[in-house]
Amino acid sequence: GLVGVAPGAEPFLEWWGARTARRCVFDRPRGLMLEQTWLALVPGLFDHHVLRDRGCNVAGWNLDTRDVSFDGDTPTIDGVPLRHYHFACSYDPERPDLLTTQDHAHWWPKLSERPGVARLSREYAPKLLAAGYRECLQRPVRYETMPGGDPIEDWMRSTYRAGVLVAERDGLPEPPNPFTDSEKSFLKWVQQQAATVAEALESVPEGAHRAPVLDADAPSLETGELMWAISHSRDLMERIAELEDARDDAIAWGQRASADVQELLGLLADRDARIAELRTLMASVWSSPSWRITRPLRAAKLLKRGRTKGPTDGSQAGA
């Protein structure tokens, strides 16, 4: 996405910074998607302007009915300058024929269907490579490992973050940090947390689920969250799979509905064309000399037919 601020936005930045300092996480159960979810609250809390320029934040997920065009060497879209294109979802300059290399974005249009975006990709890929793309991939990811080289696993991160939140809430010292304290003290601390969770899980009846707890009388936050994560992990993965299947079904339904609508529009267009053709034919008949000359004969025939048949509802015929 795209966010811009100007002088006067300091309260917003402080508010956003306070919430993303510890909660810039991807947490499906709580509906958190890194820093973005917090922005949904901004319209109700701060003066703002929603940028609706269709040339901004163009990406694979909003190319269903449009494509980039070129005015010479200048890219445009929807009749406005293309200001910001988002090469998102694992764009790979080594494969500029693909808009994304991630399977979950299979519903994005193919570049063969968007020649304007295909040109944009072909021009962007060599620039990205020339700027050091390959070299950056070879560098180790910062904070992926401890200073000594041992990996920091996901459960260690979540446990440490939960411990920091508890420390801030209760005014306690923060847990050991492998970068500012020592790896040994950090590993010892997380192992103690894991042992605590293992003991707590043994007391949970089989088939029961433990929800995260935050009240002061409950076990520590890191224990509760880790217990919840372990006991619910399978349920969460099953639920995620269900949601992905539902999404795929919705996409398939939309595609079928779109095809049905297109077919119906085609039938309506054929009907309108036949009606227009019939009207043209009848107009030519009504304007012909033979039609005008035989009009009295047709009128007399209709009058005679009416007298012969008489009224059909039992009433008297009127003049």
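The values are calculated or read from the model by the stated rules, or taken from the named source; none is laboratory data. Small disclaimer: the values here were computed from a predicted structure and weren't measured. Quick reminder, even Gly has a Cβ in these numbers, built from the backbone with ideal geometry, and neighbours come from all protein chains shown. In case anyone asks, the SASA skips ligands and DNA or RNA and just uses the protein heavy atoms, side chains included. Shrake-Rupley method; radii C 1.70, N 1.55, O 1.52, S 1.80 Å.
Amide H to amide H, with H built 1.01 Å from N, residue 32 comes under 5 Å of 27, counting only residues 5 or more places away or on other chains. Counted by Cβ distance under 14 Å from residue 8, the other residues give a net charge of -3, where Lys and Arg count +1 and Asp and Glu count -1. Put 142, 271 in order of accessible area, highest first, and with a 1.4 Å probe you get 142, 271. Solvent-accessible surface (1.4 Å probe) assigned to residue 76 amounts to roughly 30 Å². Coupling constants for region 270-276 follow from the phi torsions by the Karplus curve (6.51 cos²θ - 1.76 cosθ + 1.60, θ = phi - 60°), and in residue order they are 5, 4, 4, 5, 5, 4, 4 Hz; glycine and proline get x. For residue 76, nonlocal amide neighbours, meaning residues 5 or more places apart or on other chains whose placed amide H falls under 5 Å from its own, are 69, 70, 71, 82.
Computed from the Cβ-Cβ distance with R0 of 51 Å, the FRET efficiency linking residue 275 to residue 61 stands at 0.80. Taking Cα centroids, how far is region 74-142 from region 170-184 in Å? The two parts, judged by their Cα centres, are 41 Å apart. Taking amide H as placed 1.01 Å from N in the peptide plane, residue 99 has its amide H under 5 Å from the amide H of 111, each at least 5 places away in sequence or on another chain.
Computed from backbone phi, the HN-Hα couplings of region 63-79 come to 10, 4, 10, 8, 8, 6, 10, 10, 9, x, 9, 9, x, 9, 7, 6, x Hz, rounded to whole numbers (Karplus: 6.51 cos²θ - 1.76 cosθ + 1.60, θ = phi - 60°; Gly and Pro given as x).
Solvent-accessible surface of region 2-85, averaged per residue with a 1.4 angstrom probe and all protein chains in place: 67 square angstrom.
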